[in-house]
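The next block holds one structure in the form of structure tokens; read it before the comments.
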Amino acid sequence: DESLPCEDWIEQCRKWKEQHPIIKQEYYNGDYVNQYVFVDELSKVLSAEDVIVVGSSGQASDIFYPTFKVKDGQRIISSPGLGAMGFALPAAIGASLASGRRIICIEGDGSIQLNMQELETIRRLNLNIKIFVLNNGGYATIRNTSKRHFEGRDHTAAMTLPNLHGIVEGGYEIFSTFLMATKEDCEMLLPIILNNEGPLVCEVHCDEYLELSPRLKSKIVDGKIIPGGLEDVE
């Protein structure tokens, strides 16, 4: 109800934002590209005309939404309510054909496996799609959930993934491929990648054990996962 005073609620939200910042200083100190830092740096350099297509599950979407700063004119396309792995590549193709604009596609290393054949469509049509694949060792959401709630038992069934760089460059012959392995690479390569014409794939080597933060605390009671309150975060 817009007629009700909301200053106290706004002030409380400000306090929570100060207590639980999205990007922590420690994120700049790791050996790999931190996922939050990557999304923040990408947000800074994209133009108002870009269309951003985000994978619908995992860190590709969970980190993107609280971190990315949307510019007026940008279009964000995703399917978070469905959590359909493999969404980003075909959606990026549709967005490119419909808009004629530069497409920024952000996908996880596990999810991209489900529709990797669409790289051939992108190559054949020479679509201006920049594909950033977050390589965090595959299925990080499941791995972290196992660590928190199931005594570290690996519910990914020790799943492994093939060498993405080799497949893309050797099999699909995408015009350009990049490897982003450090935060310095992130700052240096983003302008080069975005100014490159045509399709390309950039593999972003991320921290395999990064936990989402801030996130709601939860606990298991009688076999059920019970979430905490809005203010009960870690």
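When 97, 134, 119 are screened for being aliphatic (A, V, I, L, M) and at pLDDT 95 or above, only 97 passes. Could you grab me the full set of residues in region 94-120 that are polar (S, T, N, Q) and surrounded by fewer than 16 Cβ atoms within 10 Å (Cβ to Cβ)? Scanning region 94-120 gives 99, 117.
Taking (1) modelled with pLDDT of 90 or more; (2) surrounded by 17 or more Cβ atoms within 10 Å (Cβ to Cβ) in turn, residue 140 satisfies each apart from (1). For region 202-220, state whether one or more residues are aliphatic (A, V, I, L, M), open to solvent by less than 10 Å² (accessible area, probe 1.4 Å) and more than 16 Å from residue 46 (Cα to Cα). The answer is yes, given that some residue of region 202-220 is aliphatic (A, V, I, L, M), open to solvent by less than 10 Å² (accessible area, probe 1.4 Å) and more than 16 Å from residue 46 (Cα to Cα).
Condition check: over 19 Å from residue 213 (Cα atoms), modelled with pLDDT under 85 and open to solvent by less than 100 Å² (accessible area, probe 1.4 Å). Does residue 3 satisfy that? Yes: the conditions hold for residue 3. The residues on offer are 214, 162, and the sole one that is modelled with pLDDT under 70 and assigned to a loop (DSSP other than H, G, I, E, B) is 214.
Would you confirm whether any residue within region 189-197 is part of a loop (DSSP other than H, G, I, E, B), in contact with a Ser or Thr (Cβ under 7 Å, 6 or more places away or on another chain) and at pLDDT 80 or above? Taking every residue of region 189-197 in turn, at least one turns out to be part of a loop (DSSP other than H, G, I, E, B), in contact with a Ser or Thr (Cβ under 7 Å, 6 or more places away or on another chain) and at pLDDT 80 or above.
Selection of region 1-59 for residues being closer than 26 Å to residue 80 by Cα, hydroxyl-bearing (Ser, Thr, Tyr) and touching a residue at least 12 places away in the same chain (Cβ under 8 Å) yields 36, 43, 47, 56, 57. For region 169-188, the set of residues classified as at pLDDT below 85, in a helix (DSSP H, G or I) and hydrophobic (A, V, I, L, M, F, W, C) is empty.
The criterion of at least 3 residues that are over 18 Å from the mean Cα position of the chain (by Cα) is met, among helices (runs of 4 or more DSSP H) falling completely within region 1-104, by 7-19, 88-99.
The criterion of being open to solvent by less than 40 Å² (accessible area, probe 1.4 Å) and under 20 Å from residue 135 (Cα atoms) holds for residue 39.
The values are calculated or read from the model by the stated rules, or taken from the named source; none is laboratory data. Because the structure is predicted, anything quoted here is derived from the model rather than measured. Glycine also receives a Cβ, built like all others from the backbone with ideal geometry; neighbour counts cover every protein chain displayed. To get the accessible areas, we keep the full protein, side chains included, count just its heavy atoms, and leave off ligands, DNA and RNA. Shrake-Rupley method; radii C 1.70, N 1.55, O 1.52, S 1.80 Å.
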